[in-house]
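No value in this document is a laboratory result; all are computed from the given coordinates. Everything numeric here is computed off the predicted structure, so don't read it as measured data. Neighbour counts run over all protein chains shown; Cβ positions are idealised from the backbone, glycine included.
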Amino acid sequence: MAKILIVEDEQAIRNVLQNILTEEDKSFEVSTAEHGKQALDLMAKEDFDLLLCDIKMPGIDGVEVLEQVVAKYPDTAVVMISGHGDLETAVDCMKKGAYDYISKPPDLNRLISTVRNGLDRNQLVKENKSLKKKISKNFQMVGSSQKLASIKEMIEKVAPTDARVLITGPNGTGKELVAHWLHAKSDRSAQPLVEVNCAAIPAELIESELFGHKKGAFTSAVKDRKGKFELAHKGTLFLDEIGDMSLSAQSKVLRALQEGKVSPVGGDKEIKVDVRVLAATNKDLSQEIKEGNFREDLYHRLSVIVIKVPALNDRKEDIPELVEHFAQKIGQEYGSAPKQFTAEALKALQAKDWTGNIRELRNVVERLIILGDQEITEKDVAAFAGK
C-alpha cells in the first residue's frame, strides 16, 4: 500500500487532490497536512512513499519542506504543486531534489501519471538499496587479525576523501574488496563503481576501453562508445592490475588525471570527467619503473595513499573465520545447511602454505564441502585439501 501525504494550505485543493487519488486507486493511503510544520511532524512519526507539496504556504514554505525531506527522508519522492507564478521556483526545486511538479489547477491525467511514476521511482530506490546490501555481502572483509584491522582503519580514514589509492598485494588476497569498501564508504557511493581489469584487455584496445571511441575510429568501431572514465563520472574508477597497462595508455591516464578530461579514440573533442581513481597491482611498481615498464609520474599520481593487502600466510589467525564465512556462503549457494569444521581440521588448514591466498582457501573449502562428510575432519583436510 502506497502512503501519500498532501501538503496544501487551501482546503478546497487539498480535498480535491485527496479525492482524486483515493478514487483512482483504493490501495493509496492518503493523508493531508495544511502547512509545512504539520507535514514535517507527520513525517517524523510515519513513513511516506510520496509527498505532494504546495510551494507557497504560510510559515514553513514548500521549498523548505523539500530541503528537509531530501535531507532526512531521501527515499520519499517529492512532487511540488505550483501556481502559474511559481514555475521558475518549481524548476529550481527539481534541482534541489524534487521528483517533479504539477501546476494548479491540476490536470487529472498529469496528476495520476506523475504520482504513479514517483511511486515507481520510490520502489526502484528501495530495490537498489536492497541490492546494494546484497552486493556488500559479497565483498565482506572477514577476519580479526591486527593486519586486517589496520586496513579497515585506513579505509575509514581515506574513504570519505577523494584521495587516489594504490592497493598492492599478491594475487588472491582480496585487493578488489578494499576497492569496493573504499567506494561504499565514500561520498560517491550513490554513483557507479566502474571496474577495469587492465590485464584482461589487449593493449590495442585498452585506450578505447578507458576513453571510448567514435564510430569509424578503427575497423570494429561500428558505433560511438563511451569509455570507462566517462561511465564512472561522479563515481569511482577501479583500475585493477594497472601494472599490466601499456605505456601509451599510461600516458593518457596520466593526462586524464592531471586535466580531468578524456578524448575518445578517433574524436577531436575533450570530455570533462569527475572521477576518483583507485588502482591495484600485484607487481612491484618500483621495479617496473626501473625496468622502464611503468611511468614514475603516473605512480606518484596514483599512490597518494598506498594500502598493502597481506598474504594469507601473514594472517593465518583469520583462517577459522574465513572458513566459517565460506562454508556459510557455499551452503547457501548449494541450498544446504553449512557443514561444520572440527578444531583439528581448522588447525590443519592453518598449517598449510597458502600460495594462492584467500582465493585458494575458498576453493579448498568448497572441495572439502563437496567431498567430505557432514563434519569436516583433519582426515578430510589431509585427503582433499592438496599439498
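Annotations
- More than 16 angstrom apart: percent of Cα pairs within segment 225-297: 52
- Label positions at Asp224 and Glu317, each projected 7 Å from the Cα along the C-beta direction, are separated by 5.6 nm.
- Size descriptors for the chain (Cα atoms only): Rg and Dmax, in that order, 27.3, 81 Å.
- 10 Å beta-carbon shell around Asn293, net charge (K/R +1, D/E -1): 0
- An ellipsoid equivalent to segment 21-76, defined through the eigenvalues of its Cα gyration tensor, has semi-axes of 20, 14, 10 Å when rounded to whole angstrom and sorted largest first.
- Given their separation in residues at 0.36 nm each and the Cα-Cα distance between them, Ser150 and Val306 gain 54.9 nm when the chain is fully extended.
- Selection from Val69, Leu247, Leu40, by position along the positive dipole direction of the chain (Cβ): Leu247
- Basic side chains Lys and Arg get +1 at the Cβ, acidic Asp and Glu get -1 at the Cβ, and with that the dipole of segment 313-384 about its Cα centre reaches some 140 debye.
- The dipole here belongs to the chain: it is taken about the Cα centre, uses +1 on the Cβ of Lys and Arg and -1 on the Cβ of Asp and Glu, and is about 1040 debye.
- Contour minus Cα-Cα distance for Leu231 and Asn117 (0.36 nm per residue): 38.5 nm
- Over the residues of the chain, the helix contribution to mean residue ellipticity at 222 nm works out to -14000 deg cm²/dmol, using -39500 (n - 2.57) for each DSSP H run of at least 4.
- Pair-distance profile P(r), taking every C-alpha pair of segment 3-130, with 5 angstrom steps and integer %: 2, 11, 23, 28, 22, 11, 3, 0, 0
- Overall, segment 138-310 carries a charge dipole of about 380 debye about its Cα centre when +1 sits on the Cβ of Lys and Arg and -1 on the Cβ of Asp and Glu, all other atoms neutral.
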